[in-house]
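Since the structure comes first, as structure tokens, the remarks are kept for the end.
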Amino acid sequence: MSSPDIDRLAPTRRPDERPVMYQSWRHLLFLHWSLPVEQVAPLLPEGLTLDTFEGRAWVGLVPFTMRGVRPRGLPAVGFLSDFHETNVRTYVHFQGRDPGVWFFSLEAANAIAVRLARAWFKLPYHYAGMELTAAPGGTSYAYRSERRWPPPTPATCAVRCRPKGSASTSTPGTLQHFLVERYFLYSQARGELYRGQVHHAPYEVRGADVEGLEETLLAAAGLSRPSEAPLAHFSEGVDVDVFRLRRVVR
């Protein structure tokens, strides 16, 4: 079971406020490895606690495509709104509530979006050369990423996958729900901790066979990737409302 006494359904409910941004996330590949708590916990900022499942920490590598990124009240604009992204993340909570994501890094193939996200959302974005190749009918996907700036470099990823099975939503209490259904994110700047929230329909998720994986993103984040194959999930995607960032009062 996951960390006890944490409400994992409350974050899925839509906040009673207006979004500041809209996005669509498409062709998401969730790769996860279980790591010892003592390897991951020292990399977190003060105030956050690792969110564990059966006593183990989990680290994810998630490549996908962003579509239609735009602030509220403005239209999507071509290359500014559509680009690939890859993140390295783990799972945390704040004082036993608000379970969410801590990002070690986020790669994006849009230099302007990188600068804006670093400034507005205080997230560790990096500009990267990236591409996504999909076979006809979406029978397989190949993701590539190579970090340009800022360091540390090298930080690369090349992964091929073949989605399999039928897609369905995740059951609360399962490992799949623990890993995939996350609606809070945390960031830090100048010693202050911040929390953001997103809202979307539950992911329709299916399994995936990983047919090739070479990456140095985890090492660049200070993590040692286990030798075993990752747990892999795939989703065609969701439409996302993004809400404003708030400072966390500790």
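The values are calculated or read from the model by the stated rules, or taken from the named source; none is laboratory data. Because the structure is a prediction, the values reported are computed rather than measured. Note: ideal-geometry Cβ built from the backbone for every residue, glycine included; neighbour counts use all protein chains shown. These area figures cover heavy atoms from the full protein model, side chains too; ligands, DNA and RNA do not enter into them. Shrake-Rupley method; radii C 1.70, N 1.55, O 1.52, S 1.80 Å.
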Out of segment 126-141, which residues are open to solvent by 30 Å² or more (accessible area, probe 1.4 Å) and either charged (D, E, K, R) or in contact (Cβ under 8 Å) with a residue 12 or more places away in the chain (or both)? 127, 130, 131, 132, 134, 139
Hey, residue 142 among the hydrophobic types (A, V, I, L, M, F, W, C) and either assigned to a helix (DSSP H, G or I) or more than 15 Å from residue 215 (Cβ to Cβ) (or both) or not: no
For segment 186-202, enumerate the residues that are open to solvent by less than 30 Å² (accessible area, probe 1.4 Å) and either under 22 Å from residue 118 (Cβ atoms) or more than 16 Å from the chain's Cα centre (by Cα) (or both). 186, 187, 189, 193, 196, 198
Picked from segment 203-250 (must be touching a residue at least 12 places away in the same chain (Cβ under 8 Å) and among the β-branched types (Val, Ile, Thr)), the residue surrounded by the most Cβ atoms within 10 Å (Cβ to Cβ) is 205
State whether one or more residues within segment 147-162 are open to solvent by less than 90 Å² (accessible area, probe 1.4 Å), in contact (Cβ under 8 Å) with a residue 60 or more places away in the chain and among the small types (Gly, Ala, Ser). yes
Out of curiosity, is residue 147 within 18 Å of the chain's Cα centre (by Cα) and either closer than 17 Å to residue 238 by Cβ or not in a helix (DSSP H, G or I) (or both)? yes
Taking residue 112 as meeting all but one of (1) in contact with a helix residue (DSSP H, G or I) (Cβ under 7 Å, 6 or more places away or on another chain); (2) among the aliphatic types (A, V, I, L, M); (3) under 19 Å from residue 220 (Cβ atoms), write down the number of the exception. (3)
Which residue pairs have Cβ atoms under 8 Å apart, sit 6 or more places apart or on different chains, and have a first residue in segment 165-183 that is within 17 Å of residue 7 (Cβ to Cβ) and a second that is basic (Lys, Arg)? 172/8; 177/8; 178/8; 181/8
